[in-house]
Amino acid sequence: MEVKIYSTPGCPWCHAAKEYMKEKKVKYKDFDVSADAKARDEMVKKSGQMGVPVLEIKETVIVGFDKDKIDEVLGK
């Protein structure tokens, strides 16, 4: 399963989302949209907005740190 997290370094919800993935033992790939214009454009195209974090799990896009939705999509 591929999990992508679009984040920025100073975002507390982004850190929380990454820590939650670590707790769940789910591997993810982090994209710093403050430094990576290509990732930022991809995030906006997928989510329709600039807010972070944006998670993409199993082709489902989750805007914000929504534990219930994350668990639902992960099947955990």
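The values are calculated or read from the model by the stated rules, or taken from the named source; none is laboratory data. Computed from a predicted structure; not experimentally measured. Here the Cβ positions follow ideal geometry from the backbone for every residue, glycine too, while neighbour counts run over all protein chains shown.
Brief remarks follow.
- In the range 51-76, the residues that are under 15 Å from C11 (Cβ atoms) and free of Cβ contacts under 8 Å to residues at least 40 places away in the same chain reach residues that are surrounded by 15 or more Cβ atoms within 10 Å (Cβ to Cβ) and of a type in the set (S, T, Y) with C-beta atoms within less than 7 angstrom, at least six apart or across chains, in these pairs: V63/S47.
- Subset of the range 25-45 (residues that are of a type outside the set (S, T, Y), surrounded by 11 or more Cβ atoms within 10 Å (Cβ to Cβ) and either touching a Pro at 6+ places or on another chain (Cβ under 9 Å) or at pLDDT below 95 (or both)): D32
- Scan of the range 16-45 for residues that are closer than 15 Å to I70 by Cα and part of a helix (DSSP H, G or I), ordered by number: A16, A17, K18, E19, Y20, M21, K22, E23
- Residues in the range 1-15 that are over 13 Å from I70 (Cα atoms) and surrounded by 11 or more Cβ atoms within 10 Å (Cβ to Cβ): Y6, S7, T8, C11, W13, C14, H15.
- Answer residue from the range 46-71, given it is part of a helix (DSSP H, G or I) and in contact with a strand residue (DSSP E or B) (Cβ under 9 Å, 6 or more places away or on another chain) and is surrounded by the most Cβ atoms within 10 Å (Cβ to Cβ) among those: I70
- In this structure, K18 qualifies as touching a Phe, Trp or Tyr at 6+ places or on another chain (Cβ under 8 Å) and of a type in the set (D, E, K, R).
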